[in-house]
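S.K.: Mind looking over this structure? Questions follow.
The values are calculated or read from the model by the stated rules, or taken from the named source; none is laboratory data. Quick caveat: nothing in here was measured; it's all calculated off a predicted structure. Quick reminder, even Gly has a Cβ in these numbers, built from the backbone with ideal geometry, and neighbours come from all protein chains shown. Just so you know, the surface numbers come from the protein's heavy atoms only, side chains and all, with ligands and any DNA or RNA stripped out. Shrake-Rupley method; radii C 1.70, N 1.55, O 1.52, S 1.80 Å.
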Amino acid sequence: MSVSAPEIPAKTTSRFKWDLKTIGPLAALALLVLLGITLNENFLTYNNITNVLARSSFIGIIAIGATFVITAGGLDLSVGSMAAVIAGVMIMVMNWLIPVFGIGWGVILAGMAAGVLLGGVAGVGNGIMITRGRIEAFIVTLGTMGIFRSLVTFLADGGTLSLNFQVADVYRPVYYNGFLGVPYPILVFALVAIAGEVVMRRTAFGRHCAAIGSNEQVARYSSINVDNVRLITYILQGVLVAVAVLLYVPRLGSASSTTGVLWELEAIAAVIIGGTTLKGGYGRVWGTVAGVIILGLIGNILNLQSFISPYLNGAFQGVIIILAVLLQRPKRAS
Amino acid sequence: MADVQDTGVAPILSAHRISKSFGEIPVLFSIDFDIRPGEVHAIIGENGAGKSTLIKILSGIEQPTSGSIHYDGRSVVLPPDGKAEAMGIVLIHQELNLAEHLTVADSIFLGRELRQGPFLKVGEMRRRAAEIMETLHVHVDPDARISSLSVADKQMVEIAKAISRDARVLIMDEPTAVLSVGETQTLFEQIRRLTARGVSVVFISHKLDEIMELADRVTVLRDGQLIATVSTEALTPDSIAQMMVGRELSNLYPPKHEPDVDEPVLLSVRNLATKSVSDISFDLRKGEILGFAGLIGSGRTAVAEAIVGLTHRTAGEIQLNGQVVNFTRVAQSVEAGLAYMTKDRKGKGLLLNMGLRPNLTLLTLQKHMRAGFLDTASEERALERATRRFDIRARDASVAVGRLSGGNQQKLMLGKTMESEPDIIIMDEPTRGIDVGTKQQIYHIIAALAAEGKAVIVISSELQEVIGLSHRVVVMRSGRIAGVLEGAEITEEEIMRYAAGIKQSGHDERISA
Ligand SMILES: Nc1ncnc2c1ncn2[C@@H]1O[C@H](COP(=O)(O)OP(=O)(O)OP(=O)(O)O)[C@@H](O)[C@H]1O
Ligand SMILES: [Mg+2]
């Protein structure tokens, strides 16, 4: 339009900007690894690394679900209690069904199916109340968090639900064995992470989540079905909680009222450390993966050294969370 | 256009050889600018010329990369974050800057609440707020939440807030972009009252007639360069426009080609009613540009939103190509070839924290899918096309849309709407915040769309625009259609008569041309 046009028309530029925001979580991860190596020669052993990653994978899988929920401007505080209920119900279902299927994979598969179904239903419950009932996500999931927690206490009658030990023997390899030396939980975590990253980056659903979290009105005016997309994020979260539980149950073979306590906060922390904005609008799954591993490594490194009490684990995690947000906050004008 | 020479009046605020870059990107080049006591100094220029950036520097919101600022004869560094207000320099942003959850009274006194010891004088603040709003002839309750106000009322609250702070220099970035003629006049009255008291006003607008009416001097920026500062008497709207775009501007409006009388009716609305409008009936023919005029709040947007399914319709029937339709979601209307472009680009149109590409394709992601996955290369191509077609100028395509100049945001939103290749387009204030050169271009795009057989509804508060573009004009008043004008009847006086309720017609006999 204008005759002189020093303003260059919009043109394609590189998609990646290597600023602190992008490399922050990776840099922190690299620093922690270096720290671990210098502090203890056992840090970089196969056993230590697989152990840290396998333990992190439960929170990791849940946190990937939370990345979607938070990106779309929501929040799910109920995931920890939900994990406990799903674990409890899975164990009960498997114990019940032993007379029908006998000891073996049949019973385990039935239990897994029940777990995934329950996770999905719990997600639908949260999602429906939030989208159709128009109640704040914080309130709804604070409520269901309490409900799920007391439900598992009730089911366990205040004690512990234990899986039939013969079934537990069959099931155990799902946590402790692996493929080509990589434990199954780590494999599943990796698969979920890759799928999550692709969905977030390369599908309309991922784009819609970010749009809704960024500005719900704009999303509505842009013909996005806001309620449905939101609902799906909660269902996805529920199903991923169930997937995490499928890997968790064979580890201990039991569930009690203390199962999954504070998992919701760890998951949210991992998401935030990874660079997803808590108020929604921008999310990245690989960041969450880095966040989960960072949290796992802090505990691990504290256990491997002898200068600082490992009881300070929580304090270090807290500092990391605050630092992450500090580094990622938008630059102020000027 | 001789530069105004020193008249001996010492400027109250002046900028000397101000340059500004954002990162690597230069935006202003060595600008000299001064404001004298009691004058109205207008800044004009194309979208992205650097007007907003200049006044942000003059009010301390941004710091210049080089150059100096003098206030009251002394060289100063203005404090950031609006703290310059305490020094008497008050800025009203182009983007409304109100906390949505506060009440009108809270907003007006935000940051300098009236107190009695530790306690707020709530009643006093409410009363004073009501008084200020009264002088502005704005009828909003001081207890109303900002979120419940229309964009125009929000703008008036911003103005009330600025007026109530004893400003010595009041800087306004396109305050009239969202105001109707009446409100603009009230604002101008207030501005004249302030300047009579010695307050200086800096004023950005793309509406050249307003500049001619109000300003004592005009500064023209083009592409970050100072073109000239001249006194208004020496100017005509044409010469200003020419200085702005650097060439002569003729034929702002393209010639009108009325559609044939036997062209099919594409959209037919009968007795439509919603919470805020009632008894709306009109037809829209293929190739027609139908203007919607009326005061702000007369229900024009409500009609559009009800048609595309954004708001609930309580009665009435809508036919598209002779088929009764019943849209409950925007996706359905877009699917059927009917697109609506909102007037609220910040609140409803664009995702400000995202880049140009995701914004452009948000409405039409389905077009950019390959085997279930987004095809970013295809999105990228769409962005290139839209950038060319609508002359979207971003110095860096990866920049967040919120960082684009206001006019370029508007052009991006137009591009986004047109991505869905609609047969019927409803544009709500399509040239809000757009410079004259680009306006001309958008008018020609609208005319071209009609010429190729699309139908366009243009909702606009700029009478000139409605008159210059439309084949027929629907005038709304208080949620109803007051009259439908066509041909030679389409004049400013006639539209105002209907809009103000002086004239009223049984419009039923002329629903369609
Ligand atoms: N914070 C920022 N970061 C990067 N670029 C910016 C920033 N703010 C403004 N710009 C760029 O500076 C240029 C001038 O913008 P400015 O908002 O001053 O234009 P304007 O004259 O007010 O235009 P309009 O009439 O459209 O409002 C634009 O190219 C804009 O993209
Ligand atoms: Mg501007």
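S.K.: Could you compute how much accessible area chains B and A hide from each other, both sides summed, with a 1.4 Å probe? Nearest 100 Å² is fine.
M.R.: 3900
S.K.: Now, a different point. Once you charge only the Cβ atoms, +1 for Lys and Arg and -1 for Asp and Glu, what is the size of the charge dipole of region B:5-156 about its Cα centre, to the nearest 20 debye?
M.R.: 300
S.K.: Residue A:138 to residue A:217: extension gain in nm, 0.36 nm per residue of separation minus the Cα-Cα distance?
M.R.: Here the answer is 26.4 nm.
S.K.: Would you calculate the separation in nanometres between label points at residue B:63 and residue B:252, each defined as 7 Å from the Cα along the Cα-to-beta-carbon direction?
M.R.: 4.1
S.K.: Right, something else. Could you order B:203, B:327 by accessible surface area, starting with the largest, using a probe radius of 1.4 Å?
M.R.: Heavy-atom accessible area, descending, gives B:327, B:203.
S.K.: Could you work out how far apart the two model spin labels at residue B:371 and residue A:46 are, taking each label as a point 7 Å from the Cα in the direction of the beta carbon, and quote it in nm?
M.R.: About 3.5 nm separates the two model spin labels.
S.K.: Any idea which of B:18, B:156, A:161 is furthest toward the positive side of the dipole for the protein assembly as shown, if Lys and Arg beta-carbons carry +1 and Asp and Glu beta-carbons -1?
M.R.: Farthest towards the positive pole: A:161.
S.K.: If amide H atoms are built 1.01 Å from N in the plane of the peptide, which residues on other chains or at least 5 residues away come under 5 Å of the amide H of residue B:222?
M.R.: B:227
S.K.: Within chain A, what is the number of lysine pairs with alpha carbons under 20 Å apart, leaving out pairs fewer than eight places apart on the same chain?
M.R.: 4
S.K.: Something else now. Which one of A:77, A:143, A:237 has its Cα pushed farthest toward the positive end of the charge dipole of region A:43-328, where Lys and Arg give +1 and Asp and Glu give -1 at the Cβ?
M.R.: A:237
S.K.: What size of dipole, in debye to the nearest 20, comes out for chain A about its Cα centre when the only charges are +1 on Lys and Arg C-beta atoms and -1 on Asp and Glu C-beta atoms?
M.R.: With only Lys, Arg, Asp and Glu charged at Cβ, the dipole is about 900 debye.
S.K.: Residue farthest toward the positive end of the dipole of the protein assembly as shown, with Cβ of Lys/Arg at +1 and Asp/Glu at -1: which of B:245, B:323, A:254?
M.R.: After comparing all options, I get A:254.
S.K.: Taking a virtual spin label 7 Å from the Cα of residue B:448 along the C-beta vector, which residues in region B:369-390 bring their backbone nitrogen under 11 Å of it?
M.R.: Once the point is set 7 Å along Cα→Cβ of residue B:448, B:388-390 turn out to lie under 11 Å by backbone N, inside region B:369-390.
S.K.: Also, quick follow-up: Please report how far the C-alpha centroid of region A:279-332 lies from that of region B:378-433, rounded to the nearest whole angstrom.
M.R.: Result: 40 Å between the Cα centres.
S.K.: Here's another thing I want to ask about it. Note down the nm distance, to one decimal, between modelled labels 7 Å out along Cα→Cβ at residue B:491 and at residue B:315.
M.R.: If labels sit at residue B:491 and residue B:315, their model points lie 3.6 nm apart.
S.K.: Now for a separate question. Could you order B:275, B:207, B:348 by accessible surface area, starting with the largest, using a probe radius of 1.4 Å?
M.R.: Details: B:275 200, B:207 35, B:348 55 Å².
Solvent-accessible surface, decreasing: B:275, B:348, B:207.
S.K.: Can I ask one more? Would you calculate a helix-derived [θ] at 222 nm for chain A, using -39,500 (n - 2.57) for each DSSP H run of n ≥ 4 and dividing by the full residue count, to the nearest 500? Show your work: numbers first, answer last.
M.R.: Details: 14 runs with 236 residues, N = 334.
Mean residue ellipticity at 222 nm (helix-derived): -23500 deg cm²/dmol.
S.K.: Further question: Using only the Cα atoms of region A:43-328, build the gyration tensor, take square roots of its eigenvalues as a ≥ b ≥ c, and label the shape rounded, prolate or oblate: rounded if a/c is under 1.5, else prolate if a/b is larger than b/c, else oblate.
M.R.: Since a/c reaches 1.5 but b/c is at least a/b, the shape of region A:43-328 is classed as oblate.
S.K.: Which loop chymotrypsin sites (Phe, Trp or Tyr not before Pro) in region A:32-77, with loop taken from DSSP, have no more than 12 other Cβ atoms within 10 angstrom of their Cβ? Present the calculation step by step, with values, prior to reporting the outcome.
M.R.: Values: sites: A:43, A:46, A:58, A:68; in loops: A:43.
Loop-located and lightly packed - none at all.
S.K.: Given a 1.4 Å probe and the protein chains all in place, what does the accessible area of residue B:119 round to, in Å² to the nearest 10?
M.R.: Only protein atoms counted, so the area is about 140 Å².
S.K.: Still on this structure, please answer the following. Straight distance only, please: which aspartates and glutamates reach the Cα of residue B:83 with their own Cα at less than 13 Å, same-chain residues fewer than 8 apart left out?
M.R.: List returned: B:62.
S.K.: Report the FRET efficiency, 1/(1 + (r/R0)^6), for residue B:403 and residue A:100, where r is their Cβ-Cβ distance and R0 is 60 Å, rounded to 0.05.
M.R.: 0.40
S.K.: Let's see if you can work this out: charge +1 on each Lys and Arg Cβ, -1 on each Asp and Glu Cβ, no other charges. What is the dipole magnitude of the protein assembly as shown about its Cα centre, in debye to the nearest 20?
M.R.: Working: 78 positive and 80 negative charges, 453 e Å.
The calculation lands at about 2180 debye.
S.K.: Accessible surface of residue A:259 in the full protein assembly, 1.4 angstrom probe, to the nearest 10 Å²?
M.R.: 10
S.K.: Given contacts defined as C-alpha pairs under 8 Å and at least six residues apart, what's the relative contact order of region B:273-315, whole-number percent?
M.R.: Relative contact order for region B:273-315 comes out at 56 percent.
S.K.: Hey, which of these cross-link pairs are over 26 Å Cα-Cα: B:56/B:411; B:207/B:286; B:161/B:416; B:275/B:367; B:275/B:416; B:161/B:503?
M.R.: Listed pairs above 26 Å: B:207/B:286; B:161/B:416; B:275/B:367; B:275/B:416; B:161/B:503.
S.K.: Read phi for every residue in region B:22-36 and hand back ³J(HN,Hα) as whole Hz from Karplus 6.51 cos²θ - 1.76 cosθ + 1.60, θ = phi - 60°, with x for Gly and Pro.
M.R.: 9, x, 7, 8, x, 10, 10, 10, 6, 8, 9, 7, 9, 10, 9
S.K.: Run the numbers for residue B:70 and residue B:101: contour at 0.36 nm per residue of separation, minus the present Cα-Cα distance, in nm.
M.R.: 7.4 nm
S.K.: I would also like to ask the following. Roughly what % antiparallel, to the nearest 5, for the DSSP beta bridges in chain B?
M.R.: Antiparallel bridges make up about 55 percent of those DSSP assigns within chain B.
S.K.: A follow-up question, please. Tell me, what is the FRET efficiency for residue A:326 and residue B:164 to the nearest 0.05, using R0 = 60 angstrom and their Cβ-Cβ distance as r? Present the calculation step by step, with values, prior to reporting the outcome.
M.R.: On the way: r = 36 Å, r/R0 = 0.61.
Step by step, r from the Cβ atoms, then E = 0.95.
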